[in-house]
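Shown next, in structure tokens, is the structure this report addresses.
The values are calculated or read from the model by the stated rules, or taken from the named source; none is laboratory data. Please read all numbers here as calculations on a predicted model, not as lab measurements. We place every Cβ from the backbone using ideal geometry, glycine too, and count neighbours over all the protein chains shown. Ligands, DNA and RNA are excluded from the accessible area calculation, which covers all protein heavy atoms including side chains. Shrake-Rupley method; radii C 1.70, N 1.55, O 1.52, S 1.80 Å.
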Amino acid sequence: MKKKYFSFVGGIMLGSIIFAASSCKEQGKLQVFTIGEEETYVSDTIPQPQTKRILIDEMSGVDCVNCPAGAELLEEMSAANPGILEIVTVHAGDLTQPFTESRQDMRIDAAKRRAYLNIMGNPGKPASGFDRLVLHPDKKNKYMTEGYNAWPASLATAKATTKTPVNIELTSEFNDEKKQYEIVIVVRYTEVFEGKQSLHIYLTESKIMDIQNTPENKRAEYEFNHVLRDVLTPVDGKPFLTDVPAKEKGRVYIYKTGFKIDSENELQKNWKPENMTVVAFVTANEPDDIHVYHVQSTKLVP
């Protein structure tokens, strides 16, 4: 096995350093920790390719009367494709302002919302993107399919890609001593690959009970699922292996990060870790191509 390690100190790459001291920085309102440094090596053992999974970016809002029907359809589509779909429900843009009787804000930090909308657009809700494929090249919101009746056709297009060049493994655990969640992402290449890619790490939460508008213009108690709570990488992703343009079969990339939940923070105080999920996915990183190669998830609290 050939190994190569990366550590970045003061912007200079140094060799032969593995998982240096922890550091932390504020990303929006969430304090995100770099538990260790990035590591890469080439293994002689090539694992079996994982089954390709599909990321669905669902854009929703508490004041979107048709969004509950869209969410229900996505659950039906997920049940019909067991283990294949990863739904992330993003409250950003129009129709997302909390009501006076809302108990919490479903939106992520304002700066991150703006960054997300800059990438995915601000379509009419409900709308969903499927693996961030350009499904509507002639429209302003080229990644998003507006109107849930068209979602099955968009899913069929995404399902046409049945292979992925990368396996993704991720683990999450709580460090009792440091009182922080620590996450490890492992990307393994099962075939030769050339191109630029980015890693994305999202936190979602389900089983949130709060107020949602309905077609009867009634603000009703509703269960929200797959809600995007925060992003641990830059919203447009973290480029990786940028100095390895041709990834060999057997190339492995490891990234460690983590965070603390601030019980005093307005956006985080209502989070319930037992209902949260870590979602990791790899995308293309080209000006006109950000499609998802693969996505995996795990419970924040195993």
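Matching residues to (1) within 26 Å of residue 125 (Cβ to Cβ); (2) under 19 Å from the mean Cα position of the chain (by Cα); (3) surrounded by fewer than 18 Cβ atoms within 10 Å (Cβ to Cβ); (4) among the small types (Gly, Ala, Ser):
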| position | (1), (2), (3), (4) |
| --- | --- |
| 140 | yes, no, yes, no |
| 144 | yes, yes, no, no |
| 152 | yes, no, yes, no |
| 157 | yes, no, yes, no |
| 171 | no, yes, yes, no |
| 174 | no, no, yes, no |
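With respect to the conditions (1) open to solvent by 40 Å² or more (accessible area, probe 1.4 Å); (2) farther than 26 Å from residue 288 by Cβ; (3) not in a loop (DSSP other than H, G, I, E, B), residue 111 lacks only one, and its number is (2). Counting just the residues of the stretch 159-184 that are part of a loop (DSSP other than H, G, I, E, B) and among the basic types (Lys, Arg), which one comes out farthest from residue 35 (Cα to Cα)? The extreme case among them is 163.
Among residues that are under 27 Å from residue 73 (Cα atoms) and open to solvent by 40 Å² or more (accessible area, probe 1.4 Å), residue 226 is included. For the stretch 73-85, a residue qualifies if it is open to solvent by 10 Å² or more (accessible area, probe 1.4 Å) and either basic (Lys, Arg) or touching a helix residue (DSSP H, G or I) at 6+ places or on another chain (Cβ under 9 Å) (or both), and the qualifying residues are 73, 77, 81, 84, 85. On inspection, residue 11 does not qualify as in contact with a helix residue (DSSP H, G or I) (Cβ under 8 Å, 6 or more places away or on another chain), at pLDDT below 95 and open to solvent by 30 Å² or more (accessible area, probe 1.4 Å).
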